[in-house]
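Before any comments, here is the structure.
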Amino acid sequence: MKRTVGLALFALGAAFAQEPVVVGVNLELSGRLVSLGTPELEGMEAARAQLGEVLGRPIEFSVCDNASTPEGSVACANRFIDEGVVGVLGTGGSTQAIPAAEVLQEAGVIMITPSSTNPATTQVGDYIFRVAYNDEFQGEIAADYLYNDAEARRVAVFRQQDDDYSFGLAGFFEEAFVALGGEVVVVDYTGGTVDFAAQVNDVRAFNPDAFYTPGFCPELAALLPQLRQQGFADQLIMGGDGSDDAQCPDGGGEVFNGYRFTAFAEPEQLAADPEAAERAEAFRTFFEENQPDGTFNGFTLSGADAYNVLVAAIEAAGSVEPAEVQAALAELTDYPGVTGAITFAGTDGTPANRIMGFFEYQVPAETEAGWAKAQLEGLTRTFGE
């Protein structure tokens with residue numbers, strides 16, 4: 001009888017040991033930002049394929065499509081609270097991330113966003129982290145490039161006023177560019193705008209020598225042709241990481257030739273951290289072998305590292321209790337990520353040091369897509385330089 005009870009208890013313990021650790025994934029998998037959420041999910045899935053267990057338990061994803069809306073993102077966050085997940089990966093966009101962060105912070109659930117760059121995201125509270133740099137950094141880099149490298153002095157900024165990412169990044173750019181000695185005029189539009197005639201007319205008297213477009217490709221693919229057709233044929237146009245999206249060159253065509261933008265660094269651009277460059281290249285090889293139809297870019301790497309740091313924190317905590325995992329994340333130092341070394345200790349949840357890349361679209365180009373995304377040599381910037 002004792003032996004039977006012992007075997008039953010052993011079987012129960014073995015079954016419990018294999019109970020999965022459930023991680024929520026809240027991403028833009030449909031709607032206008034699908035080109036952001038999809039590579040992030042693919043990066044998370046590839047990272048899980050490399051490391052699919054923690055504390056002897058398999059890791060399971062509970063995936064929720066927020067449809068690129070704040071309402072959808074909050075609904076996903078509430079679902080994950082009900083499910084009792086150990087943490088949430090995502091969202092990608094800042095407009096979706098900030099309201100979800102508020103819900104999860106109040107519930108004491110960890111959130112790690114791969115790419116929300118508005119500083120307000122991690123300032124929601126101590127359970128909210130990001131893999132990305134923030135837009136203060138991104139805006140300063142863009143201003144420095146346009147003023148010092150491109151020698152622009154008058155920049156017109158097109159800002160999506162109903163989006164936290166675009167609105168915030170435009171503000172940081174303006175502040176930094178004016179501090180350097182330049183002049184800025186800002187014109188607003190809303191998501192879904194297709195006719196930019198009024199905005200183009202608003203900047204005509206300003207006579208800009210460059211444009212800054214910190215928005216997303218569903219609108220930029222309509223804006224750029226109108227700019228070029230209405231007299232602004234030669235000015236440099238530069239954007240932020242929201243431009244790292246095939247919808248720009250696919251939708252706008254040759255007007256995107258020479259369009260430059262800042263975005264998450266890819267393996268070749270991580271030379272400031274050679275070990276990280278090696279890790280990123282090895283991950284790219286693994287990714288392309290295992291997901292040959294996937295999209296590999298900086299968003300893929302950031303999605304992978306959102307997963308990686310959560311697993312590392314669970315391992316360090318020796319627990320899946322959110323409070324203990326949060327404490328481990330808050331002390332994370334020099335984690336060897338594929339986006340670079342990640343340190344959260346002493347920060348607001350934004351890594352202490354990030355590397356950013358610069359890119360340029362070349363249209364047409366001899367590729368299957370008819371365009372190429374070229375890395376601009378020597379334009380990588382490292383946070384904290």
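The values are calculated or read from the model by the stated rules, or taken from the named source; none is laboratory data. Here the structure is a predicted model, which means the values were calculated and not measured. We place every Cβ from the backbone using ideal geometry, glycine too, and count neighbours over all the protein chains shown.
Could you say whether any residue in region 96-112 is in the same structural domain as ALA205 (by TED's automatic domain parsing), within 23 Å of LEU27 (Cβ to Cβ) and in contact with a helix residue (DSSP H, G or I) (Cβ under 7 Å, 6 or more places away or on another chain)?
no
Listed residues GLN362, GLN375; which is surrounded by fewer than 23 Cβ atoms within 10 Å (Cβ to Cβ), in contact with a Gly (Cβ under 7 Å, 6 or more places away or on another chain) and outside the structural domain of ARG279 (by TED's automatic domain parsing)?
Within the list GLN362, GLN375, the selection yields GLN375.
Given the conditions (1) assigned to a strand (DSSP E or B); (2) touching a residue at least 40 places away in the same chain (Cβ under 8 Å), and given that PRO208 satisfies all but one, which numbered condition is not satisfied?
PRO208 satisfies all of (1) assigned to a strand (DSSP E or B); (2) touching a residue at least 40 places away in the same chain (Cβ under 8 Å) except (1).
Is there a residue being in contact with an Asp or Glu (Cβ under 6 Å, 6 or more places away or on another chain), in contact (Cβ under 8 Å) with a residue 24 or more places away in the chain and under 21 Å from GLU360 (Cβ atoms) anywhere in region 156-174?
yes
Given the criteria out of contact with any strand residue (DSSP E or B) (no Cβ under 8 Å at 6 or more places or on another chain), on the phi > 0 side of the Ramachandran plot and of a type outside the set (S, T, N, Q), does GLY337 qualify?
The answer is no for GLY337.
Just for region 282-312: of the residues that are surrounded by 24 or more Cβ atoms within 10 Å (Cβ to Cβ) and small (Gly, Ala, Ser), which one is farthest from ALA345 (Cα to Cα)?
GLY298
Within the group ALA304, ALA282, which residue is assigned to a helix (DSSP H, G or I), small (Gly, Ala, Ser) and more than 28 Å from GLY215 (Cβ to Cβ)?
ALA282
Filter the helices (runs of 4 or more DSSP H) completely within region 70-173 down to those with at least 2 residues that are surrounded by fewer than 23 Cβ atoms within 10 Å (Cβ to Cβ) and of a type in the set (Gly, Ala, Ser).
It comes to 70-83.
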